[in-house]
1. Restricting to the stretch 92-126, and then to whatever is touching a Ser or Thr at 6+ places or on another chain (Cβ under 7 Å) and within 22 Å of I259 (Cβ to Cβ), can you tell me which residue is surrounded by the most Cβ atoms within 10 Å (Cβ to Cβ)?
2. Which residues, taken from the stretch 65-98, are polar (S, T, N, Q) and under 20 Å from V125 (Cβ atoms)?
3. Can you find even one residue in the stretch 201-210 that is in contact (Cβ under 8 Å) with a residue 60 or more places away in the chain, surrounded by 15 or more Cβ atoms within 10 Å (Cβ to Cβ), touching an Asp or Glu at 6+ places or on another chain (Cβ under 8 Å) and among the small types (G, A, S)?
4. For the condition crowded, with 18+ Cβ neighbours inside 10 Å and of a type outside the set (A, V, I, L, M), what is the one hit in C168, C222?
5. Strands (runs of 3 or more DSSP E) wholly in the stretch 133-221 with at least 3 residues that are in contact with a Gly (Cβ under 9 Å, 6 or more places away or on another chain) and within 30 Å of T77 (Cβ to Cβ) - which ones?
6. Within the group I16, I10, which residue is at pLDDT below 95, closer than 26 Å to K123 by Cβ and surrounded by fewer than 18 Cβ atoms within 10 Å (Cβ to Cβ)?
7. Test of understanding: among N294, N311, N333, which residue is surrounded by 16 or more Cβ atoms within 10 Å (Cβ to Cβ) and of a type in the set (S, T, N, Q)?
8. Surrounded by fewer than 16 Cβ atoms within 10 Å (Cβ to Cβ) and outside any strand (DSSP E or B): which single residue out of I81, I86 fits that description?
Amino acid sequence: MRKYLSLLAISLLFFIFLIVFFVMAVNDLQCTIVSGNSCTSGVRLIGLKNDSGGFNNAHVQNASYTSYAYSLCCNNTNSSINITGICPGNATVMNISNLTNAHVEIPSADNYSIPICLSSDWKQVYCSFPTGSCGAGQACVLSMAGTEGDNTTNAHVANCSEYDQKICCNLNNSAPTKPTLYYPADANNSVNERKPNFNWSTSTDPDGDVVDYNLTIGCGACDDACKLNVDGISTTNYTVANALCVDTNYVWNVSACDIYDACNISSNFTFQIPSRAELTLIINSTSFGEMNNNDNDDTTDESPTPLVARNTGNVILNVTVNATALFDSVAMNTAYFRFQAEENESGSYVAGCSQTTWANMQTSAQGIFCNLSYVDNNDEADLELDITIPPGEGAGTKSSDLEVGITSKE
C-alpha cells in the first residue's frame, strides 16, 4: 500500500511540473545578441557593431542590412508561438535614426522615423523603458546609453547588463470587459417565444482587439436538443435558429473573447418558456346563403369563406372538430355535412396525419389538423365545409355550432 501511494505521489508531482513548465514556456519572450548576421531561431530585430568590433556601445542597422557582425534575435521558447519583426507590429521596440550606422531612441522620444517592431501571433507584445531593471515577467531586449550616460535618444546600445536605460518587452493580453445580459432578463419565467432574441451589452478590449461572443444556453440534465452553444458571434444579439424547449429551467451566459482567446464571462441568468396551447378561430363563422333541396356548395373557392384556425400559442397542436346537427331530415355522419383541412399557409400542418379529404361531420370529436405549427407565417389553416341540402329537408334557417378541441404535442 505504501509503495502504491508513493508512486501515485511521484506521478502527480510530475504532472504538476509539466503544467507549470508549459505555462512558463508560453510566456517566455527572450531576446539575445548573437554572433553573425542571421538568427538560428526567432526573428532578427537589428544588427549591431561598434568601432572596435564588439556589440556594446554599438551602432545599429535595420534587419534588412547584413553588414554588421552581431544580431539581436528575439523568439519564444514555445516554438508554436511565432515572433515577427514586421512593422507595424504589436509594439514598437525602438526607433532608429538611419537604416544603418544608426543611433536609437525609445518610441516616445519621437525624433527618429524608422521603427523597429515586435509582434506575436499568440498575444500582444508590450514594451516599457525603465531605468535600473525590467519589471516582473518582462524580458530585457537591450540597454541604451549616450556619451553623457543614460539616454533615451541619440543612444548607442549594448547588452542588458551594460547601461541603466533598459528596453523591456513581454507577451501579454487583457481579456475584454464582462458582458452585461439584457434579454431574457434574470428569473424571467414568462418568455413566450420559442426562438428568443438573446441580447447583451458591448464588451470592449483594453488592447483594442476585435471581440466576439460565445452564447451558452444550458438546462442541466435536460435533453441535448434543448441546449445551445454558439461561438463567434460578432454582434451583441443572437436569435436562436431552432426552437428551445418549453417548461424547462434554462441558464444562459455570454463570454466576450478576443482574437487570442482571452475571455470574460457574464453572470448567469435564468429563464423559462412556459408552454401555451392556444388556438384562435380568426374566422369563426360562415354563411351559405339561400340554397334549395339537393343543392351543394363548399368553401374551397372562398365563397362562402372557410373557417380559419390560427395556433396562437407556442407549442405544436393536434386539432379536432365536432358539431351539432345541421339538418332535421338526416342524421349526422352523412355526406350532407362534411369537412376537411386545407392549407392557408404552406407547411402549417402535417398532411399525412391530417384530414385532407372530405369526411362526414359528427357530434363526436374527429381529428382535422395534425401538428399544427405555432411558427409565424405557417401557423394558420382552413377548416373547409361542404353542404348538400337533403331532398326531404324542410324550409327554414339551418345552423350548426362547431366545437374545436386541441391537445399539445409537446
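1. V125
2. Passing the criteria: S71, N75, N76, T77, N78, S79, S80, N82, T84, N90, T92, N95.
3. No.
4. C168
5. Of the strands (runs of 3 or more DSSP E) lying wholly inside the stretch 133-221, those with at least 3 residues that are in contact with a Gly (Cβ under 9 Å, 6 or more places away or on another chain) and within 30 Å of T77 (Cβ to Cβ) span 165-172.
6. I16
7. Matching residue, one of N294, N311, N333: N311.
8. Going through I81, I86 in turn, the sole match is I86.
The values are calculated or read from the model by the stated rules, or taken from the named source; none is laboratory data. All values derive from a computational prediction rather than experimental measurement. Virtual Cβ from ideal backbone geometry, glycine too; neighbours counted across all protein chains shown.
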